[in-house]
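Below is one structure; the comments refer to it alone.
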Amino acid sequence: MNAKLFFQGIAKFFSGLILMALLLFLPAGSLYFWQGWILLGILFIPMFVAGLILMKKNPELLKKRLNAKEEEKEQKIVILLSGLMFLAAFVVAGLNFRFGWIVMPMWVSYVSAAVFLAAYALYAEVLRENEYLSRTIEVQEDQKVVDTGLYGVVRHPMYMTTLLLFLAMPMVLGSVISFAIMLVYIPIIVMRIRNEEKVLAKGLPGYEEYMKKIKYRLIPFIW
């Protein structure tokens, strides 16, 4: 086991957990924000398990997933906008719990949690199918075009699953206002995809042919 990679992963895991907990429970003004606990559980428990599996079976992929330093100017803007989106959505969800602006039925959180976990399972499948999935936009050494499995349905199944994950999050938290904020992710991810496809078409042999073969980028029969 790579000790440096292990401790890097553990540090990022707990820093993310603590930051998200602060963004949820401080605005909520209470630890009784039960939807917040549900989201932390369904997000970080599978993440921890997946991290351990990657550490054992594919440490190189884990290393790529931990690297979030973008070189493309467009992607730096995407990262900034995404961060602001999450900040606003989580803080508003906590405030919504504190002040009871719009109270959703409990079943909405439970159904949304089920959708979130289903999307998480799809995300894990994407990671299994594509060993080149770094968090940055780049063409890696010896990279090949993946066109099987979910990649035979849409060009960017990872973004398809993250869209489901991100739109499910605010509903788990019981906040319609946060859901409206998270809709900003749609133009953000469209911006990221367009830039990514330019990079891949230019630097990855066979990608232009793949784009002609697989018509839809994100959502089957829509776009």
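The values are calculated or read from the model by the stated rules, or taken from the named source; none is laboratory data. It should be emphasised that the depicted structure is a prediction, and the values quoted were computed from it without experimental measurement. Note that each Cβ is placed from the backbone with ideal geometry, even for glycine, and that neighbours are counted across all protein chains shown.
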Name the single residue that is nearest to the chain's Cα centre (by Cα) among those in segment 73-84 being surrounded by fewer than 17 Cβ atoms within 10 Å (Cβ to Cβ) and modelled with pLDDT under 80.
76
Which of the numbered conditions does residue 93 fail, given that it passes all the others? Conditions: (1) more than 15 Å from the chain's Cα centre (by Cα); (2) at pLDDT below 80; (3) in a helix (DSSP H, G or I).
(2)
Looking at segment 199-217, can you tell me whether even one residue there is outside any helix (DSSP H, G or I), surrounded by 13 or more Cβ atoms within 10 Å (Cβ to Cβ) and within 15 Å of the chain's Cα centre (by Cα)?
no
Qualifying residue in segment 148-157 (condition: surrounded by 14 or more Cβ atoms within 10 Å (Cβ to Cβ) and of a type in the set (S, T, N, Q)):
no
Of all residues in segment 1-33, which are surrounded by fewer than 14 Cβ atoms within 10 Å (Cβ to Cβ), touching a residue at least 24 places away in the same chain (Cβ under 8 Å) and under 24 Å from residue 164 (Cα atoms)?
16
Quick check, is residue 196 modelled with pLDDT under 95, out of contact with any His (no Cβ under 6 Å at 6 or more places or on another chain), surrounded by fewer than 17 Cβ atoms within 10 Å (Cβ to Cβ) and acidic (Asp, Glu)?
no
Give me a count of the residues in segment 170-220 that are in contact with a Leu (Cβ under 8 Å, 6 or more places away or on another chain) and of a type in the set (Phe, Trp, Tyr).
3
Among the residues of segment 85-102, which ones are in contact (Cβ under 8 Å) with a residue 12 or more places away in the chain, surrounded by fewer than 18 Cβ atoms within 10 Å (Cβ to Cβ) and either of a type in the set (Phe, Trp, Tyr) or in contact with a Lys or Arg (Cβ under 9 Å, 6 or more places away or on another chain) (or both)?
101
